[in-house]
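The values are calculated or read from the model by the stated rules, or taken from the named source; none is laboratory data. Keep in mind that what you see is a predicted model, and the values were worked out from it rather than measured. Every residue, glycine as well, gets a Cβ built from its backbone with ideal geometry; the counts of neighbours run over all protein chains shown.
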């Protein structure tokens, strides 16, 4: 998390050099339903068609794969069947910090501003299940979380509605590196037991197949940007 703060601070210092700022809000698909708030800084020097975008996104996550079995939890049953048999409640989310460099393409003769971009990502995944009907003896809930670095690229389209207001579309894809899983099991008495499983550990691959920390994520968002 400290590394993410350093990245954000560096982005803010870069933005301080800009001549124009936009605040951008969008919603759509990021692996699942979600949205993003972002600040876009442009025109660092006259004639330089570059911008920097710092964004914070949130998306729901299907945290556990229904088609996979994870023997320490489900035995030989697939998660979808195990969840249904015990009436378990599943939850998951991704919070993503992104930093992109945008290049505004000139001379296309289009009514929209086209800006390809590429950048880095820092994703905080968390998800798990709860046992609201107390059907699993000794377990009230179980959760997993990861902090992942990644990379992304795409294209941002902006259509001017007013001098300072634009309709914005964002199409892209991100790739995330595998990270350590932090697991927390809460028993019926409220006591919590923590564990960590990292790449290279014996059961990492099977856990990674069951818990759906992001790898490739495709993005499609629509929103609005207001320029100051």
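How many of the residues making up the stretch 206-228 are exposed (fewer than 15 other Cβ atoms within 10 Å of the Cβ) and under 20 Å from the mean Cα position of the chain (by Cα)? Residues that pass the stated criteria total 6.
Filtering the stretch 29-51 for residues that are within 30 Å of residue 206 (Cβ to Cβ) and in contact with a helix residue (DSSP H, G or I) (Cβ under 9 Å, 6 or more places away or on another chain) leaves an empty set. If you go through the stretch 184-203 and keep only what is in contact (Cβ under 8 Å) with a residue 24 or more places away in the chain, touching a strand residue (DSSP E or B) at 6+ places or on another chain (Cβ under 8 Å) and either surrounded by 15 or more Cβ atoms within 10 Å (Cβ to Cβ) or over 21 Å from residue 68 (Cβ atoms) (or both), you end up with 184, 185, 186, 187. Screening residue 136 against (1) closer than 30 Å to residue 190 by Cα; (2) touching a strand residue (DSSP E or B) at 6+ places or on another chain (Cβ under 7 Å); (3) surrounded by fewer than 20 Cβ atoms within 10 Å (Cβ to Cβ); (4) touching a residue at least 40 places away in the same chain (Cβ under 8 Å) leaves a single unmet condition, (2). Please verify whether residue 211 is in contact (Cβ under 8 Å) with a residue 40 or more places away in the chain and under 19 Å from residue 116 (Cβ atoms), treating the condition exactly as stated. Criteria not met by residue 211. Pairing residues of the stretch 46-66 that are touching a residue at least 60 places away in the same chain (Cβ under 8 Å) and on the phi < 0 side of the Ramachandran plot with residues that are surrounded by fewer than 16 Cβ atoms within 10 Å (Cβ to Cβ) and outside any strand (DSSP E or B), at Cβ distances under 8 Å and at least 6 apart in sequence or on separate chains, gives 61/32; 62/32; 65/209.
Taking the criterion of being at positive phi and exposed (fewer than 12 other Cβ atoms within 10 Å of the Cβ), would at least one residue in the stretch 158-169 satisfy it? No - not one qualifying residue is present in the stretch 158-169. Exactly one residue out of 69, 59, 25, 18 is modelled with pLDDT of 95 or more and either in a loop (DSSP other than H, G, I, E, B) or under 14 Å from the mean Cα position of the chain (by Cα) (or both): that is 59. Looking across the stretch 69-84 at every residue that is out of contact with any helix residue (DSSP H, G or I) (no Cβ under 8 Å at 6 or more places or on another chain) and closer than 12 Å to residue 210 by Cα, the one that is surrounded by the fewest Cβ atoms within 10 Å (Cβ to Cβ) is identified as 72. One residue alone among 64, 50 is at pLDDT 85 or above, within 20 Å of residue 125 (Cα to Cα) and in contact with a strand residue (DSSP E or B) (Cβ under 8 Å, 6 or more places away or on another chain), and that residue is 64.
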